[in-house]
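Remarks on the structure that follows.
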Amino acid sequence: MSFEPVDIFVGDVVGDPVEGVLVKVYDPTGSVFYAQATTDVLGRAAFLLETLTYTMRFYKFQAAFKQPQVVTVLTAPAINQFDVVAELLVQPTATDPRLCRCSGYFRDLNGAPRPYLDIHIINAFSPLILDSSAVVASEVHIRTDEKGYAQIDLIRGAEYMARIEAIDGFQSRCIKVPDLAGTNLCNLLFPIVERITWDVPGPLSLAVGAEIVLTPTVYDSAGVPLLGTAQGDVQFSTSASAFMSVLVGATTVTVRGIAPGAAQVLAVRSNKTIIKIPDLPVGGQPIDVTVT
């Protein structure tokens, strides 16, 4: 027998790579543990294994796999690459076009599901008429199940006060519901700036002394568009101030050419009070700019 390189590729149902899947390798009976690895951004986990038969198990929060899966490692020149399909959680949606289904999972400090977490939702709007029905002041109580899952339907575009169970009582959060059929409940409770769309897509080209006025739309992680340029939540800048300047107004970002060269319009989150893992950059940026 010899040791051979083994590559495991984990993709979703359409073949896109799935990062962060823990792969554990066992003997054919599943009783002897040999090794483990976690898939990278390309959905791959690498091993060096003897030419034997193994069972493998796969773990990722909010994903399902066929368990276990049996693989046989062969001697070179055979290529020991095995593809695995992950069925990722599909965000549920409300059937009522006026409502947004807010759903998600909660964990404890050990990363395990957080069961029976109490969340109270209170409307923060005045009484309104919704399709000839009156919506009056009320409070709704939801609780996560044994898997740490909870969901609730809320009025699209409405604002609420959420009270979440904490060690010393309840933590209060002001939330705004996106105009969507469904969203992640955790992102709704703890939103961060996620992406930006622009009225003029890049790459851009302008002459020295010329200006281009851009209108961004900044979205949080729940899908809610923020006001104007979302000052206080996101910071816009230039990658090369020698070539280009960036002036941020209430609703627009003005790019001005200073000298011939290449630069980028950058955007980063200002608010660091909520930490998200993985910490991905703001989508929709940078924008490449060429000054001539």
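Key figures
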{"read-out": "Taking the stretch 3-88 and dividing mean pair separation by its residue count, relative contact order in percent (alpha carbons under 8 Å, at least six apart)", "value": "37 percent"}
{"read-out": "Burial ranking of peptide ranges 58-67, 201-210 (average Cβ count within 10 Å, highest at the top)", "value": "58-67, 201-210"}
{"read-out": "For the chain, diffusion coefficient by Stokes-Einstein and Kirkwood Rh (Cα), 4 °C, 1.567 mPa s, µm²/s", "value": "57 µm²/s"}
{"read-out": "Amide H partners (placed H, <5 Å) of Ala35, local residues excluded", "value": "Val25"}
{"read-out": "Using distinct alpha-carbon pairs, which all enter the 1/r mean, Kirkwood radius of the stretch 3-88 in Å", "value": "12.9 Å"}
{"read-out": "Sorted by Cβ density within 10 Å, fewest first, the residues Ile155, Ile277", "value": "Ile277, Ile155"}
{"read-out": "Segment Val32-Gln231, extension gain: residue separation times 0.36 nm, minus the distance between their alpha carbons", "value": "66.1 nm"}
{"read-out": "At R0 = 45 Å, FRET efficiency that the Cβ-Cβ distance of Ile142 and Ile79 yields, to 0.05", "value": "0.35"}
{"read-out": "Potential lengthening between Ile122 and Asn110 on full extension [0.36 nm per residue; Cα-Cα distance subtracted]", "value": "1.3 nm"}
{"read-out": "The chain, relative contact order [Cα under 8 Å, separation at least 6], %", "value": "12 percent"}
{"read-out": "Loop-located trypsin sites (Lys or Arg not before Pro) in the stretch 187-287 whose Cβ has at most 15 other Cβ within 10 Å (DSSP)", "value": "Lys272, Lys276"}
{"read-out": "Extension gain, Ala240 back to Val200 (0.36 nm per residue minus Cα-Cα distance, nm)", "value": "12.4 nm"}
{"read-out": "Neighbour-count order for Thr39, Thr238, Thr215, fewest beta carbons within 10 angstrom listed first", "value": "Thr215, Thr238, Thr39"}
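Bear in mind that the values in this text are calculations on the coordinates, not laboratory data. Owing to the predicted nature of the structure, the values given are computational and were not obtained by experimental measurement. Ideal geometry is used to build each Cβ from the backbone, glycine not excepted, and the neighbour counts take in all protein chains shown.
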